[in-house]
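To start, the structure itself, in structure tokens.
No lab work stands behind these numbers, since they all come straight from the coordinates. Computed from a predicted structure; not experimentally measured. Cβ placement follows ideal geometry from the backbone for every residue including glycine, while neighbour counts extend to all protein chains displayed.
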Amino acid sequence: MATQYYTATSLDGFIATEDHSLDWLFPLGDPAESSYPDFIREVGAAAMGSSTYEWMLRNHVKPGTAEQAPWPYEMPVWVFSRRTLPRLEGADVSFVSGDVRPVHAAMLAAAGGRNLWIVGGGDLAGQFHDAGLLDEIIVQIGSVTLGRGQPLLPRRIAFPPLRLISVKAFGTGLAELRYAVPRPDGAGAESSTDCDPIA
């Protein structure tokens with residue numbers, strides 16, 4: 001059971017453009033032909049930021065339109081936001097804010113022994129790292145550069161560095177790197193109740 005940040009990034013380290021577009025990513029490969037199907041089968045709970053949730057609504061669910069689709073995740077999802085966001089009927093989504101540690105504990109309880117997925121964005125993944133709760137980073141690096149945008153992981157992780165576990169190529173456009181995240185002594189040991197559910 002691991003807490004994993006699984007995402008894709010441009011070669012120069014951005015997971016999306018300044019306006020949160022992923023149009024650069026889709027021409028690089030079919031997710032069904034990557035590690036994603038095996039990865040998602042092992043996920044029991046997920047967390048994402050508000051921009052990621054809103055991207056899902058705009059580009060996948062499209063509520064209120066002729067193209068409306070169901071929420072794609074069966075596992076419970078926690079969305080971090082201090083703004084009021086639209087709710088989806090039938091989706092197991094909880095809106096929260098504050099410290100990631102009590103949310104992580106709730107995710108562990110809900111996941112049934114499966115992995116936890118930190119979907120994005122990069123700063124949310126960084127908060128789980130800061131709390132000593134991030135076990136792995138699985139990143140697919142695309143063969144494009146964006147120049148600027150939403151950063152992969154806006155943290156300095158150098159002492160100790162990440163430990164490379166594996167490298168895989170998917171087609172000609174994506175290379176997947178999998179890293180173990182070392183935990184400093186005592187990281188993640190404290191508990192907290194500073195989590196504010198958003199009604």
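Of note:
- Local net charge near W24, Cβ-Cβ under 14 Å (Lys/Arg +1, Asp/Glu -1): -3
- Largest-first principal axis extents, alpha carbons of the chain, Å: 50, 45, 31
- DSSP beta bridge pairing in segment 3-186, given as percent antiparallel to the nearest 5: 40 percent
- Taking amide H as placed 1.01 Å from N in the peptide plane, the amide H of G98 sits under 5 Å from that of D196, each at least 5 places away or on another chain.
- Neighbours of M75 by Cβ distance under 15 Å: Lys/Arg scored +1, Asp/Glu scored -1, total -1.
- Treating r as the C-beta distance of S81 and A175 and R0 as 41 Å, the FRET efficiency rounds to 0.80.
- Residue among A105, A46, A16 with the largest mean-square fluctuation in a Gaussian network model of the chain, springs linking Cα atoms under 10 Å: A105
- Average Cα contact separation per residue, the chain, under 8 Å, 6 or more apart, as relative contact order %: 34 percent
- 3J(HN,Hα) couplings calculated from phi for segment 137-154 with the Karplus curve 6.51 cos²θ - 1.76 cosθ + 1.60 (θ = phi - 60°) are, in sequence order, 10, 10, 10, 9, 9, x, 8, 9, 10, 10, x, 6, x, 8, x, 4, 7, x Hz; Gly and Pro show x.
- A simple count of charges around G64, restricted to other residues whose Cβ falls under 15 Å of its Cβ and scoring Lys, Arg +1 and Asp, Glu -1, yields 0.
- Label-point separation in nm, R148 to F26, each point 7 Å along Cα→Cβ: 2.6 nm
- Label-zone membership for segment 118-141, site L162, 7 angstrom Cα→C-beta point, backbone N under 15 Å: 118-130, 133-141
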